[in-house]
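Take a look at the structure set out below.
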Amino acid sequence: MHPILEEIGKIGIVPVIKIDDVEKAVPLARALVAGGIPCAEVTFRTKEGEEAIRRIARELPQVLLGAGTITTQEQVDQAIAAGAKFIVSPGLNPKIVAYACKKGIPITPGCSNPSDIEAALEFGLDLVKFFPAEQAGGLDYIKAIAAPYTNVKFMPTGGINAGNITTYLAFEKIHACGGSWMVNAALLDAGDFDNITALCKEAVNTVLGFELKHIGINEAGDEAAARSAALLAKLFGFPVKDGSSSVFAGSHIEIMKQAGLGKHGHIAIGVNSVVRAMAHFERQGVQFNQETLRKDAKGKPFFIYFKDEISGFAIHLIQK
């Protein structure tokens, strides 16, 4: 997959933006970045789309900026000249796809049936837009048509919102989702960029799904760990589960038989996607202890520690 599209997958959300006032383009992009979504698809549905892309690309080059609703070869050229890094089209027009491929810019065409997907495969594409997602059958339909195409991933757009995005992203063939609920027209018209930032932060937290899984406490040996677990069980009625390296008292307290990472112990944070969570933190300058990275049988990361401790506790992410 093209590196730009890979990065989009690490974010998981592509805000779809319709710009009517080009003066709001850069402030909107800044609001997206501040909210943790350095990505946008600016549609060519208005005449301001091209100039909006140009201004955002100039002022915020770190934004993964795409041009949407591309329906002509001329628009492909305009989008590239303005600074777009990827192209999105509502349907699969072979001429447009071929032209974008010739120009060397990644394109994600709209596909809603197996014939569209096979046409995309002819161009060597491995990511397609599924549009309009909810109206065309939603996730159940995507699962049905995706089965024969093992190497194709989807970016559903249309009807995606805070209430269903995690359900979509839980399916392994969903690469990212396009949506506009965090950049709704009323807030944009009002220039309410603070609320747009707040909605973006909520969207990011929804996608990542941070959840305290357990707290690990370092103890000095098997007997000490067993005593601590037994005391917690006696006080609070927590069930005790003895393991090879630790004893759990209930579901959220782990007593380590030998001191592990962290001066006092560790805190485990469950996430919907370790890959997306790592990318989210790395964009903020947070570092990880790469020696602790664990991957599943498919080579996908599911566990990693942060490099630094917090109050003497090591912090690790774990796939839910």
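Please treat every number below as a calculation from the coordinates, not as lab data. All values derive from a computational prediction rather than experimental measurement. Counting neighbours? That spans all protein chains shown, and the Cβs are built from the backbone with ideal geometry, glycine included.
Packing-wise, with mean Cβ within 10 Å as the measure, how do 240-250, 61-71 rank, highest first?
Order by mean packing, descending: 61-71, 240-250.
Report, by chain and number, residues whose modeled amide H sits under 5 Å from the one on residue 262, excluding near sequence neighbours (fewer than 5 apart, same chain).
So residue 262 has HN proximity to 314.
Report, in deg cm²/dmol and to the nearest 500, the calculated mean residue ellipticity at 222 nm for the chain, where each DSSP H run with n ≥ 4 adds -39500 (n - 2.57) and the sum is divided by the residue count.
Dividing the helical sum by the residues of the chain leaves -11000 deg cm²/dmol.
For region 211-319, give me the percentage of DSSP beta bridges that are antiparallel, rounded to the nearest 5 percent.
Counting only bridges with both partners in region 211-319, antiparallel ones make up about 65 percent.
Mind listing which chymotrypsin sites (Phe, Trp or Tyr not before Pro) in region 61-141 are in a DSSP loop and have 16 or fewer other Cβ atoms within 10 Å?
Answer by residue number: 123.
Taking loop as defined by DSSP and a crowding limit of 11 other beta carbons within 10 Å, which GluC sites (Glu not before Pro) in region 91-178 fit?
172
Points 7 angstrom from Cα along the Cβ direction at residue 320 and residue 236: gap in nanometres?
2.2
List, in order, the whole-Hz ³J(HN,Hα) value for each residue of region 171-183 obtained from phi through the Karplus relation with A = 6.51, B = -1.76, C = 1.60 and θ = phi - 60°; use x for Gly and Pro.
For region 171-183, the Karplus-derived couplings read 7, 4, 8, 8, 7, 6, 10, x, x, 10, 5, 7, 10 Hz, x marking Gly and Pro.
What net charge is computed for the residues neighbouring residue 154, neighbours being all others with C-beta under 9 Å from the C-beta of residue 154, Lys and Arg scored +1, Asp and Glu -1?
Counting the neighbours of residue 154, the net charge comes to +3.
Apply the Karplus parameterisation 6.51 cos²θ - 1.76 cosθ + 1.60, with θ equal to phi minus 60°, to every residue of region 262-272 and state each ³J(HN,Hα) to the nearest whole Hz, in sequence, with x for glycine and proline.
x, 4, 9, x, 9, 10, 9, 10, x, 9, 6
Below 8 Å, C-alpha to C-alpha, sequence gap of six or more: please give me the relative contact order for the chain in percent.
With pairs under 8 Å counted, the relative contact order is 13 percent.
For the pair residue 284 and residue 227, what calculated FRET efficiency results from E = 1/(1 + (r/R0)^6), where r is the Cβ-Cβ distance and R0 = 51 Å, to the nearest 0.05?
It comes out at approximately 0.80.
For Rg and Dmax of the Cα atoms in Å, one of [x] 20.7, 59; [y] 19.3, 58; [z] 22.9, 74 was computed from the structure I shared and the rest are decoys. Which label?
Step by step, Rg and Dmax of the Cα atoms in Å for this structure corresponds to label [z].
How about region 1-73: which trypsin sites (Lys or Arg not before Pro) there are in a DSSP loop, with at most 12 other Cβ atoms within 10 Å of their Cβ?
Listed in order of number, the matching sites are 47.
Can you give me the C-alpha center-to-center distance between region 242-320 and region 100-137, rounded to a whole angstrom?
Using only Cα atoms to place each centre, the spacing works out to 37 Å.
Using θ = phi - 60° and the Karplus form 6.51 cos²θ - 1.76 cosθ + 1.60, what ³J(HN,Hα) does each residue of region 302-307 get, whole Hz, x for Gly and Pro?
Going residue by residue, I get 10, 7, 6, 9, 5, 5 Hz, with x marking Gly and Pro.
Roughly what % of DSSP beta bridges within region 3-208 run antiparallel, to the nearest 5?
Roughly 0 percent of the beta bridges in region 3-208 run antiparallel, per DSSP.
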